[in-house]
Amino acid sequence: MTAKKDKMKANADNSSLTPDINFEAALAELESLVTQMEGGDLSLDDSLKAFERGIALTRHCSNALKEAELKVQLLTQDGELVDFDRQDLDDA
């Protein structure tokens, strides 16, 4: 698979793990997962699931911040807000 196809698949997989969740809700869920994992009361299986969910939430938040930053940059450059292609965002 090419790098572009890998990136598109990763974006699709990430969006299926974080459907229609806003930045604030994703951040709150991520903080809750961190607290649970730091508590040490989760089983190994639950810890792995929490870690996977945390990675998806982190990517979702990172992309939301990148998107907001790009919108601000576009707004301040031209004085007008311009849409951009979300597929150009990297999974950080």
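List every residue pair whose Cβ atoms lie under 6 Å apart, where the two residues are 6 or more positions apart in sequence or sit on different chains, the first residue falls within the stretch 41-64 and is within 30 Å of ARG86 (Cβ to Cβ), and the second residue, located anywhere, is among the polar types (S, T, N, Q) and in a helix (DSSP H, G or I).
Short answer, once both residue conditions are applied: ALA56/ASN14; ARG59/ASN14.
Only one residue in GLU52, GLU80, GLU31 is at pLDDT 95 or above, loosely packed, with under 13 Cβ neighbours inside 10 Å and touching a helix residue (DSSP H, G or I) at 6+ places or on another chain (Cβ under 9 Å), so which one is that?
GLU52
Determine whether the stretch 16-33 contains at least one residue that is without any contact (Cβ under 8 Å) to a residue 12 or more places away in the chain, within 19 Å of GLN87 (Cβ to Cβ) and part of a helix (DSSP H, G or I).
Yes: one or more hits.
Considering only the stretch 17-45, state which residues are hydrophobic (A, V, I, L, M, F, W, C) and under 29 Å from GLU67 (Cβ atoms). Step through it out loud before you land on a result.
Filtering the stretch 17-45 for residues hydrophobic (A, V, I, L, M, F, W, C) gives 17, 21, 23, 25-28, 30, 33-34, 37, 42, 44.
Across the stretch 17-45, the qualifying residues are LEU17, ILE21, PHE23, ALA25, ALA26, LEU27, ALA28, LEU30, LEU33, VAL34, MET37.
Only one of ALA10, ALA92 is within 13 Å of the chain's Cα centre (by Cα), among the aliphatic types (A, V, I, L, M), modelled with pLDDT under 95 and in a loop (DSSP other than H, G, I, E, B); which? Give the derivation first.
Values: ALA10 fails: in a loop (DSSP other than H, G, I, E, B).
Within the list ALA10, ALA92, the selection yields ALA92.
The values are calculated or read from the model by the stated rules, or taken from the named source; none is laboratory data. Note that the structure is predicted; figures quoted are calculated from it, not measured. FYI the Cβ positions are ideal-geometry reconstructions off the backbone, even for glycines, and counts take in every protein chain you see.
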